[in-house]
Each structure stands twice: as C-alpha cells, then as structure tokens.
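The structure under discussion appears below in the form of structure tokens.
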Amino acid sequence: MAMEVKLLQPVKVVCTDDLGETLVDIMQTAGYSRPLMVTDSFVGSMPLVVAARTKLEQVGVDVAVFDQVKPDPLCETVESGVEAFEAHKADSIIAIGGGSSMDVARGINIVRVNGGSIIEYTDPAKPIAPCNGMIAVPTTAGTGSEATLVAVVADPANRVKMEFLSYHLLPDAAVLDPRMTETLPPRITAATGFDALVHAIEAATCLQRNPVSDAFAEKAMAQIVRALPRAVQNGKDRKARMVMANGSLLAGAAFSNSMVGLVHAIGHALGGVCHVAHGEAMTILLPAVMQYNLEKCKERYGELLLPLAGPEVYAATPAELRAQKTIDTLVALRQQLADLTGLPTTLSQTGRVKPEQFDEVAST
C-alpha cells in the first residue's frame with residue numbers, strides 16, 4: 001500500500017500592520033456585517049482593538065463585544081457567549097486574544113451551529129458540523145490557536161479540561177499584527193513562546209507526523225529559538241514579534257495535522273487539577289518528557305538539533321550525541337528565559353503543585 005500524506009491548512013493568513021483595515025477587508029469580502037467580538041476585558045480596551053472596532057463601524061459593520069473570557073475558560077462562559085451571539089443576531093465571530101479567547105469563540109461556534117450544550121460535544125460519536133465565520137486575531141505568540149482545530153474548555157465540576165477536536169473548527173482567517181503582542185509582559189512572552197516551541201517539537205516527533213507537517217514544525221523551531229529571547233528582552237522589537245507570530249502559527253498548523261504528545265497530556269492534567277498556567281506547564285515538562293522518550297525518539301531528536309541549534313552546532317556534534325545535545329539546547333534556552341523573567345523551571349516553583357496531587361494528575 002502506498003504511503004499517503006495528508007495535511008489540511010485552509011486558514012487564510014494575513015500579516016498586517018493595520019488591524020482595522022484588514023478586518024474591514026475580510027468582513028466585506030466574506031459578506032459578514034454583524035460580528036460578535038470575543039475577547040477579555042483588558043484586550044477589548046486596548047487602543048488597537050478600539051481603533052479596529054471604530055474602523056469596522058465606520059463602514060457599517062455592527063460589532064457587539066463579549067469580553068467575559070478568563071484564563072482556562074469555563075463551559076459556562078461558552079454558554080454565556082452563545083446567548084450574546086443570539087442576542088446580537090450575529091453572523092460571525094472575531095476572536096481577539098490568546099488561546100482562551102480562541103477556545104471560547106470555537107465553543108460558541110460549536111453550540112450556535114450545532115445546538116445543545118458544549119459538554120455534549122466531548123462525545124467523539126457526536127459530530128460537529130462546519131463552523132464557519134470565525135476570524136482569529138492572536139495577542140500572544142504561543143498557542144497557535146489561530147491555525148488549529150482544537151478547543152479546550154474547563155469543566156470545574158469534574159476538574160478536567162475538555163478537548164474538542166475537528167477540522168470544522170479551523171478559523172476562516174488568521175490576522176497577525178505584531179503590534180498586538182508588543183505590550184505582552186516578558187514572563188508571558190517567554191511562557192507562550194515556549195508553548196509554541198513545544199507544539200513544534202511534539203508535532204515533529206509524534207506518531208502521526210509526516211514530511212509536510214515536519215516542514216512546518218522545523219521552520220517554526222528555527223524561528224522561535226532565535227526570536228524568542230529577543231522578544232523577551234525587548235517587547236517593542238517588532239521584527240522579533242512578527243517572527244514569533246509566524247513561528248507560532250506554523251507550529252499550530254503542524255500539530256493540527258500530526259497532533260501533540262505526553263507534554264500536553266500531562267500539562268492539561270496539571271491545569272485541570274492544580275491550575276498551573278499552560279505555558280508554564282509546557283516549559284517545565286518538555287525536557288523531562290524528552291529525556292523519558294529519549295531511547296525511543298533519539299534518532300528524531302538528533303535530527304532536531306539542526307533547526308534548534310543551527311548547522312554549526314549540528315555539524316560539530318557527533319551523531320550519537322545529537323539527541324542529548326538537542327535536550328541540552330532546550331534546557332539552556334529555558335534557563336535563559338527563566339533568568340530573564342523568573343519563569344518557573346520546576347513544578348514546586350509554581351507554588352501550585354503538591355506531591356499528594358500527583359496521583360490525581362496521573363489519573364486525569
């Protein structure tokens with residue numbers, strides 16, 4: 001049987017320095033006129049976002065704002081967003097923010113198109129119909145949510161994070177404006193950037209990887225390891241911010257087609273049980289998980305030294321040592337970010353995880 005490679009990435013990607021004008025063009029081209037803007041209260045009040053709303057309204061686009069998004073969004077937030085969508089008689093969604101805003105927007109789209117409640121769609125047997133009409137504007141360079149097919153919503157009653165996975169959840173368009181991330185604090189820049197790096201590494205090493213997803217993942221790695229320290233040290237470095245935005249999107253496209261692995265599995269459990277911030281969990285877990293997987297993945301880990309450390313380091317490192325050198329390179333990058341921002345490198349440093357919770361994390 002011939003090998004078959006599949007990769008789907010239909011999201012229109014627009015890199016811009018004029019968010020409002022770009023959104024006007026997208027909305028008018030698609031024929032949308034009544035969007036619900038899904039965001040949090042801080043992002044919704046950013047001058048760039050207010051200016052974009054004003055520009056939309058000047059051309060007759062009636063924008064309603066739902067700004068109740070919080071980190072680790074709850075299923076109740078999704079239901080409230082559905083009510084806001086219906087009250088506005090909206091025809092589309094503009095999601096502006098980090099992964100939480102994107103997750104809520106996807107959840108709203110699931111329910112408003114398919115009916116019922118969001119919890120019902122955790123059942124893989126319950127299909128999700130196409131959820132068109134979502135435009136994604138990321139304010140972090142980390143989750144890659146603007147190019148992914150995953151939504152994660154917390155169910156506090158059961159202390160779990162529910163995952164929704166469907167190609168029908170991909171946005172219509174992703175708008176990358178580096179100005180949206182310029183005010184992101186250094187520690188959040190570091191944590192979200194490392195999250196993007198984890199997306200790329202897991203996409204490049206999991207069982208469903210293919211040559212096309214590898215190309216996305218390896219390009220993302222090369223961009224992120226070079227631009228992330230610069231973005232952390234100088235948030236106004238617009239070139240570094242744009243490189244990070246593109247790297248995050250490429251990593252998101254990669255793992256949407258090849259999936260992620262144990263780092264994310266444990267990280268989501270830590271988030272549900274211990275409320276560890278997702279980016280920080282990824283930063284802490286990646287080297288340990290790679291060390292655990294080393295014997296099985298050493299050949300592929302060795303190959304990743306090239307995009308992570310560059311041709312000089314790759315050529316100078318004996319083949320049998322490249323896998324460990326890859327892990328060491330990532331540990332060094334993590335420590336550099338920790339020294340710059342105070343980013344935790346152990347679970348104890350988060351102040352949220354107790355040894356007696358390990359069994360619950362392991363069983364979640």
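Computed values, structure above
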item	result
Among 68, 41, 52 the positive-end extreme of the charge dipole of region 28-79 (Cβ point charges)	52
Residue (of 174, 215, 160) at the positive-pole extreme of region 153-215, dipole from beta-carbon charges	160
Extended-chain gain in nm, criterion 0.36 nm per residue less alpha-carbon gap, residue 233 and residue 336	36.0 nm
Bins of 5 Å from zero: percent of alpha-carbon pairs in region 74-113	6, 27, 38, 23, 7
Nonlocal amide H pairs with residue 162, under 5 Å, H built at 1.01 Å	153, 154, 155
Residues residue 262 and residue 328, FRET efficiency given R0 of 25 Å [Cβ-Cβ distance, rounded to 0.05]	0.80
Filter on 12/239; 161/298; 161/354; 55/236 - keep pairs with C-alpha separation over 27 Å	161/298
Cut-off under 5 Å, modelled amide H: who pairs with residue 68 long-range	39
With every protein chain in place, the chain: carbon and sulfur % of accessible area (1.4 Å)	55 percent
Mean Kyte hydropathy of -1.0 or more with a Cα span along the axis of at least 15 Å, helices from DSSP in the chain	19-30, 47-58, 75-88, 99-114, 186-205, 211-233, 238-258, 262-274, 278-292, 322-341
Extreme residue, positive dipole direction of region 225-328, given options 254, 284, 317 (C-beta unit charges)	254
Highest to lowest packing among 245-257, 106-118, scored as the average C-beta count within 10 Å	245-257, 106-118
Within region 1-133: Cβ-based charge dipole about Cα centre, in debye rounded to nearest 20 (Lys, Arg +1; Asp, Glu -1)	240 debye
Charged-residue dipole, Cβ positions (Lys, Arg, Asp, Glu), the chain about Cα centre, Debye nearest 20	640 debye
Angstrom value of the Kirkwood radius, inverse mean 1/r, which spans all Cα pairs in region 1-128	15.9 Å
Distance-filtered residues of region 342-364 - backbone nitrogen under 13 Å, label point 7 angstrom along residue 292 Cα→Cβ	358-359, 361-364
Range of Cα positions in region 216-364 per principal axis (Å), largest first	45, 41, 32
Segments 142-152, 50-60 sorted - mean Cβ within 10 Å per residue, highest first	142-152, 50-60
Cα pair distances exceeding 21 angstrom across region 175-295, given as percent	37 percent
Extension reserve of the residue 8-residue 299 stretch, reckoned as 0.36 nm per residue once the Cα distance is removed	102.1 nm
Bins of 20 Å from zero: percent of alpha-carbon pairs in the chain	30, 59, 11, 0
Length gained when the stretch residue 321-residue 356 is fully extended (0.36 nm per residue, less Cα-Cα span)	8.9 nm
Accessible area per residue, Å², region 1-117 with all protein chains present, probe 1.4 Å	46 Å²
Alpha-carbon centroids, region 249-317 and region 12-28: separation in whole Å	32 Å
Unit charges on C-beta of K, R, D, E only; dipole of region 206-313, Debye	400 debye
MRE, 222 nm, helices only [DSSP H, n ≥ 4, -39500 (n - 2.57), over the chain, to nearest 500]	-17500 deg cm²/dmol
Geometric extent, Cα atoms of region 275-360 - Rg, Dmax (angstrom)	14.9, 45
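The values are calculated or read from the model by the stated rules, or taken from the named source; none is laboratory data. Bear in mind the structure is a predicted one, so any value in this text is a computation, not a measurement. Cβ coordinates were reconstructed from backbone atoms using ideal geometry, including for glycine residues, and neighbour counts include every protein chain displayed. Heavy atoms of the whole protein, side chains included, go into the accessibility calculation; ligands, DNA and RNA do not. Shrake-Rupley method; radii C 1.70, N 1.55, O 1.52, S 1.80 Å.
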